[in-house]
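Q: Here's a structure for you.
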Amino acid sequence: MNGSKLSWVEKYKPKTLDEIVGNDAAKKDFIDWLQRWDRRGKAAMLHGPPGVGKTVLVEVAASTLGYRLIETNASDTRREDYLENVIKPAAFNRSLFSSRLMIFFDEIDGISREDSGALNFILELIESSRVPIVMAANDPWSPNLFRIRDKVYMIPMHRIRVQSIVKRLRDICRNEGVRCKQEVLMLIAGRSEGDMRAAIEDLELLYSSREDVDLEEAEKILSYRNVEKNIFETLRMVAFAPTLEKASTSLSSSEEKPEDILEWVFENVPHVLPRQSLYRSLRYVAEADALFKQISKNSLWRILPCFYHKLASAFLVAPQKNRASFSFPTRMRERFKRFQHEKNFRELESFFMKDLHVGRSTFRRDLIPLLRLLSKNEDFRRSMLNRMVDQHLKELYSSVILGEARKRFS
Amino acid sequence: MSVADLLWVEKYRPRSLDEIIDREEVVSRLKSFIKIGNVPNMLFVGPPGTGKTTAALALVNDLYQGSASGRFLELNASDERGINTIREVVKDFARSRPSTGVPFKILILDESDNMTQDAQQALRRIMERYASVTRFILLANYQWGIIEPIQSRCAVFRFPPLSPTHIREGLIRVLEKEGVSWSEEALEEIIKASRGDMRKAINIAQSASGGSKRLTKESILQVVGVLHPREIREMINEALNGDFVSARKRLAKLLYDDGLSANDILREMNNELMSVEMDERKRLQVVNALGEANFRVSMGADAEIQISTVLAALVADLK
Ligand SMILES: Nc1ncnc2c1ncn2[C@@H]1O[C@H](COP(=O)(O)OP(=O)(O)OP(=O)(O)O)[C@@H](O)[C@H]1O
Ligand SMILES: Nc1ncnc2c1ncn2[C@@H]1O[C@H](COP(=O)(O)OP(=O)(O)OP(=O)(O)O)[C@@H](O)[C@H]1O
Ligand SMILES: [Mg+2]
Ligand SMILES: [Mg+2]
């Protein structure tokens, strides 16, 4: 990508108060506070989770109300010379022709408690400043801030609602000329946990090089980011461990559940091992699977180390052909979809099974393909639908049987 | 209105033991049970479409002489929930003992070889406890899928694949009733593709006849491939060509999209593996892996993981 191009988070940073989504109460509160501000007014602190617009609100409010913003963040406050030479003069600004000033300590919970110099400086400033002082923090209850907390006007900001995030994302898509599916936007917004910045970053990740992404693909791409580095690290350590013991220990000390580790190993063995070793390797995985079923059924947790030994062995049967291409387990990604699909199957088959005297396997193996073939015929289809009283059943028939039929024979 | 009359297999399923084609020994023994008015617990074993369900239903029908409703129940036993359902159902049976006629009810348990070993153990106790009021007819594709102690409580009846002559007989019976004409070579094609499975034969005939009321060789060949997807063979070929990842994907499709049972996939793989061309030492290794997978799946292990080892065995070159 072009290096000079703005990231979407930057590009779509709100310029006006209206563009800042959600947190209406906080917006109003902050503007009111600023407009009420006089020399004896206290300082204000916006606090809330990341990416909800704290920094942006301060910046936009300042420009809207005609303030020049003197901005500092956690790294600046450590520098005493900066505080003395830049902030102090601003706080006692007497110049008549320069514009009004506002001092902004962003990310103030980043100040360490040991940095009493900076804290004292800020406390002093709150008492004596001639210009408004604003702060932003994620965690206002951090012990570092307790002396400041009582002296400032606290304004909470909250996670942004999913619908509001979706709306903002849709606007961005329209502007970028990308086609966005509602379900993908919902996925992004849902995953963001109310963090607009994260949502926009995910959106850019998906759409910056493509115009259209479907849900499945989006899940695949985004799940990568979600997975804790942890499991990748673990797998890498296992794959390159010098001894079985080391490998096995890495697995057992991972925070993932044993059954999830099994999924990761099963997914990745064929990606990192040479073909020749696959059989030996997968046999270990299969043994681990069978063993785990016994362990959990009979509460044999004391032999769980054997399970980890087997999984570790699956990687150690051969040198890796490929350094770092671990992928997220398909089976974990598809779990929900497959569950839904299976549920549909079962509902449909319970209707057919009682009339047709077949078991589940026979239904799937012989009857579904038969129904698909016969359903190509209009009359047959109509007769079949006529025999289904339940609307839901008709829908299942249409999606499971006809939907497939259309795909296969059209 | 039932969907039964839309599908030939169901529409022309024999209602009485007398209509059943072949299976002479089975039929005569079942008739003798009816004569004495008692029935043992039974296990019907054989591949799909060989008349197991048909014989069980016909027995019930002949035994209760048309007033079977409420006296028998058909259950599919393939999942864990099944065993609890069975327990409930059997309990209810025990409570409502039939006052007149035959003093027991019949429970038909379809696909009982798909029950886990644990469920089968539980079933064993249920069979004992309610022996006085209920007779069980277990249907299975594989005898070895049923645990020993259950087998020993049952009279075992075998249902081998039907011979070409008998498949022909069954087909013609249906075609005549439907007023469909056929060419001799069309019939030959169906018989060949059915491999002794009467259901398969009739299904092919129905889907190939379309609206035209005439079966030709061409119309048969057209549907055979769709009704019996070649996916298992393709999966094996992919693995043989060294593409494990694609083969595993196809396996997942069969298991999750098509919802096929692990047993069906394993059986079909077994059939294919016998005919596909490969080094005999390798075949040994593959078949060994297949057996292991089969065993573990029946013990409750994960089908995809276990069957994947068979695919991996196909990938490996032997030095
Ligand atoms: N309420 C909002 N409306 C529109 N865009 C927003 C909003 N909140 C955040 N954004 C987008 O996310 C980016 C980051 O927002 P901002 O810097 O204000 O977050 P913050 O609350 O200060 O987070 P942190 O606590 O991590 O500093 C903005 O540049 C903007 O693109
Ligand atoms: N011996 C037979 N005589 C006449 N028709 C038969 C016979 N066997 C099977 N059929 C026909 O094939 C259909 C399927 O047979 P059936 O349901 O008895 O198979 P099954 O052995 O129970 O198979 P599965 O193992 O799949 O349950 C029946 O509806 C019937 O039309
Ligand atoms: Mg910020
Ligand atoms: Mg049957």
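The values are calculated or read from the model by the stated rules, or taken from the named source; none is laboratory data. For clarity, every value in this text was computed on a predicted model and none was experimentally measured. Glycine gets a Cβ as well: all are built from the backbone with ideal geometry, and neighbour counts include every protein chain shown. Ligands, DNA and RNA are excluded from the accessible area calculation, which covers all protein heavy atoms including side chains. Shrake-Rupley method; radii C 1.70, N 1.55, O 1.52, S 1.80 Å.
Q: Calculate the translational D of the protein assembly as shown in whole µm² s⁻¹ from Stokes-Einstein, where the hydrodynamic radius comes from the Kirkwood formula applied to all Cα pairs, the temperature is 20 °C and the viscosity 1.002 mPa s. Numbers along the way, then the final one.
A: Numbers: Rh = 31.4 Å.
Once the numbers are plugged in, D ends up at 68 µm²/s.
Q: Taking a cut-off of 27 Å, what percent of all Cα-Cα pairs in chain A are separated by more than that? Please report the intermediate quantities before stating the final value.
A: Values: 57883 of 83845 pairs.
That tail contains 69 percent of the Cα-Cα pairs.
Q: What is the extension gain from B:Met278 to B:Glu234, computed as 0.36 nm multiplied by their sequence separation minus the C-alpha to C-alpha distance, in nm to one decimal? Walk me through the intermediate numbers first.
A: Numbers: separation 44, 0.36 × 44 = 15.84 nm, distance 1.49 nm.
Gain on extension, B:Met278 to B:Glu234, equals 14.3 nm.
Q: Check chain A for me: any Cys whose beta-carbon has no other cysteine beta-carbon within less than 4.7 Å?
A: Those would be A:Cys306, since no other cysteine Cβ in chain A comes under 4.7 Å of theirs.
Q: Given the pairs A:Lys354/B:Lys52; A:Lys257/A:Lys310; A:Lys337/A:Lys376; A:Lys343/B:Lys52, which span a C-alpha to C-alpha distance of over 19 angstrom in this model?
A: Values: A:Lys354/B:Lys52 16 Å; A:Lys257/A:Lys310 16 Å; A:Lys337/A:Lys376 27 Å; A:Lys343/B:Lys52 28 Å.
Correct reply: A:Lys337/A:Lys376; A:Lys343/B:Lys52.
Q: OK, next. Under 24 Å between alpha carbons: how many lysine pairs meet that in the stretch B:189-319, if sequence neighbours fewer than 8 apart on the same chain are excluded?
A: Numbers: B:Lys192/B:Lys200; B:Lys192/B:Lys213; B:Lys192/B:Lys217; B:Lys200/B:Lys213; B:Lys200/B:Lys217; B:Lys200/B:Lys253; B:Lys249/B:Lys282; B:Lys282/B:Lys319.
So the count of such lysine pairs works out to 8.
Q: Pairs of Cα atoms under 8 Å, at least six residues apart: use those to get the relative contact order of the stretch B:1-128, whole percent.
A: Numbers: 101 pairs, mean separation 30.1, N = 128.
Result for the stretch B:1-128 is 24 percent.
Q: If you average 1/r across every pair of different Cα atoms in the stretch B:117-170 and take the reciprocal, what Kirkwood value do you get, in Å? Kindly include the intermediate steps, with their values, before the conclusion.
A: Details: mean 1/r = 0.0759 Å⁻¹.
In the stretch B:117-170 this quantity evaluates to 13.2 Å.
Q: In a GNM of chain A with a 10 Å cut-off on Cα contacts, which of A:Leu65, A:Leu169, A:Leu101 has the highest mean-square fluctuation?
A: Fluctuation is largest for A:Leu65.
Q: Taking R0 as 35 Å, what's the FRET efficiency between A:His271 and A:Phe339 from their Cβ-Cβ distance, rounded to 0.05? Please report the intermediate quantities before stating the final value.
A: On the way: r = 25 Å, r/R0 = 0.72.
Approximately 0.90, to the nearest 0.05.
Q: Just to be sure I understand the interface: list residues from the stretch B:108-124 that lose 20 Å² or more of accessible area between the chain on its own and the complete protein assembly, 1.4 Å probe.
A: In the stretch B:108-124, residues shielded by partner chains: B:Asp110, B:Glu111, B:Asp118.
Q: A further question on this structure: Of A:Trp141, A:Trp33, A:Trp264, which has the largest mean-square fluctuation in a 10 Å C-alpha GNM of chain A?
A: A:Trp141
Q: What's the long-distance tail for the stretch A:330-409, i.e. % of Cα pairs beyond 20 Å?
A: Values: 1066 of 3160 pairs.
More than 20 Å apart: 34 percent of the Cα pairs in the stretch A:330-409.
Q: Counting each pair of different Cα atoms once, what's the Kirkwood radius of the stretch A:263-410 in Å, rounded to one decimal?
A: Details: mean 1/r = 0.0527 Å⁻¹.
Taking every pair of different Cα atoms in the stretch A:263-410, averaging 1/r and inverting gives 19.0 Å.
Q: Moving on to the next point. First select every other residue whose beta carbon is under 9 angstrom from the beta carbon of B:Val45; then total the charges, Lys and Arg +1, Asp and Glu -1.
A: On the way: positive: B:Lys52, B:Arg158; negative: B:Asp113.
Overall, the nearby charge balance is +1.
Q: With every protein chain in place, what's the accessible area of A:Lys337 (1.4 Å probe, Å², nearest 10)?
A: 110 Å²
Q: Which of A:Leu57, A:Gly190, A:Ser313 sits farthest toward the positive end of the charge dipole of the protein assembly as shown, with +1 on the Cβ of Lys and Arg and -1 on the Cβ of Asp and Glu?
A: It is A:Gly190, whose Cα lies furthest towards the positive end.
Q: Then there is this: Can you give the convex hull volume of the alpha carbon atoms of the stretch A:253-308 per residue, in Å³? Provide the component values of the computation, followed by the final result.
A: Values: hull volume 4.3 nm³, N = 56.
Per-residue hull volume (Cα only) is 77 Å³.
Q: Now, a different point. Let's see if you can work this out: charge +1 on each Lys and Arg Cβ, -1 on each Asp and Glu Cβ, no other charges. What is the dipole magnitude of the stretch A:233-344 about its Cα centre, in debye to the nearest 20? Please list the in-between numbers first.
A: Values: 18 positive and 12 negative charges, 60 e Å.
So the magnitude is around 280 debye.
Q: For a bin width of 5 Å, list the pair-distance distribution of the stretch B:164-227 built from all Cα-Cα distances, rounded to whole %.
A: Bins of 5 Å from zero give 4, 21, 38, 27, 10, 1 percent of pairs.
Q: Once fully extended, how much extra length lies between A:Ser296 and A:Phe146, figured as 0.36 nm per residue of separation less the alpha-carbon to alpha-carbon distance? Intermediate results must be reported in sequence, preceding the final value.
A: Values: separation 150, 0.36 × 150 = 54.00 nm, distance 4.80 nm.
Gain on stretching A:Ser296 to A:Phe146: 49.2 nm.
Q: Can you give me the solvent accessible area of A:Leu123 with a 1.4 Å probe, rounded to the nearest 10 Å²?
A: Accessible surface of A:Leu123 is approximately 30 Å².
Q: How many angstrom lie between the Cα centre of the stretch B:170-214 and the Cα centre of the stretch B:4-20?
A: Cα centroid to Cα centroid, the span is 15 Å.
Q: Accessible area of the stretch B:4-158 with a 1.4 Å probe: how many percent of it is carbon plus sulfur? Mind dumping the intermediate values first?
A: Numbers: 3270 of 6700 Å².
Ligands and nucleic acids excluded, carbon and sulfur give 49 percent.
Q: Before anything else, pin down the relative contact order of chain B: Cα pairs under 8 Å, at least 6 apart, normalised by residue count, whole percent.
A: Values: 423 pairs, mean separation 54.8, N = 319.
Across chain B, relative contact order equals 17 percent.
Q: For Cα pairs less than 8 Å apart in space and 6+ apart in sequence, what is the mean separation divided by the residue count of the stretch A:218-309, i.e. the relative contact order in percent?
A: Details: 50 pairs, mean separation 23.1, N = 92.
Over the stretch A:218-309, the number comes to 25 percent.
Q: To the nearest whole number, what is the average tally of beta carbon atoms from other chains within 10 Å of the beta carbons of peptide B:254-262? Display every interim value, and only then the final one.
A: Details: counts 1, 1, 8, 4, 6, 14, 4, 6, 1.
Across B:254-262, the average partner-chain Cβ count within 10 Å equals 5.
Q: Percentage of Cα-Cα pair distances in the stretch A:162-232 greater than 20 Å, rounded to whole percent? Kindly include the intermediate steps, with their values, before the conclusion.
A: Working: 546 of 2485 pairs.
When every Cα pair of the stretch A:162-232 is considered, 22 percent fall beyond 20 Å.
Q: Label 7 Å along Cα→Cβ of A:Asp171; the stretch A:12-45 residues with amide nitrogen under 11 Å?
A: A:12-22
Q: Going by accessible area, probe 1.4 Å, with all protein chains left in place, what is the ranking of B:Asp22, B:Asp5, A:Asp18, largest first? It would help to have the intermediate numbers written out before the result.
A: Numbers: B:Asp22 45, B:Asp5 70, A:Asp18 140 Å².
Largest accessible area first, the list is A:Asp18, B:Asp5, B:Asp22.
Q: Further question: Could you tell me what a quarter of the Cα convex hull surface of chain B works out to, in nm² with one decimal place? Show your work: numbers first, answer last.
A: Values: hull surface 72.8 nm².
Quarter of the Cα hull surface area: 18.2 nm².
Q: Give me the summed buried accessible area for the A-B pair, 1.4 Å probe, to the nearest 100 Å². Intermediate results must be reported in sequence, preceding the final value.
A: Numbers: alone 23090 and 16210 Å², together 34340 Å².
Chains A and B together bury roughly 5000 Å² of accessible area.
Q: Can I ask one more? Work out, step by step, the length gained on full extension between A:Ile31 and A:Arg130: first 0.36 nm times the residue separation, then minus their alpha carbon distance; give nm to one decimal.
A: Working: separation 99, 0.36 × 99 = 35.64 nm, distance 1.80 nm.
Stretched fully, the A:Ile31-A:Arg130 segment lengthens by 33.8 nm.
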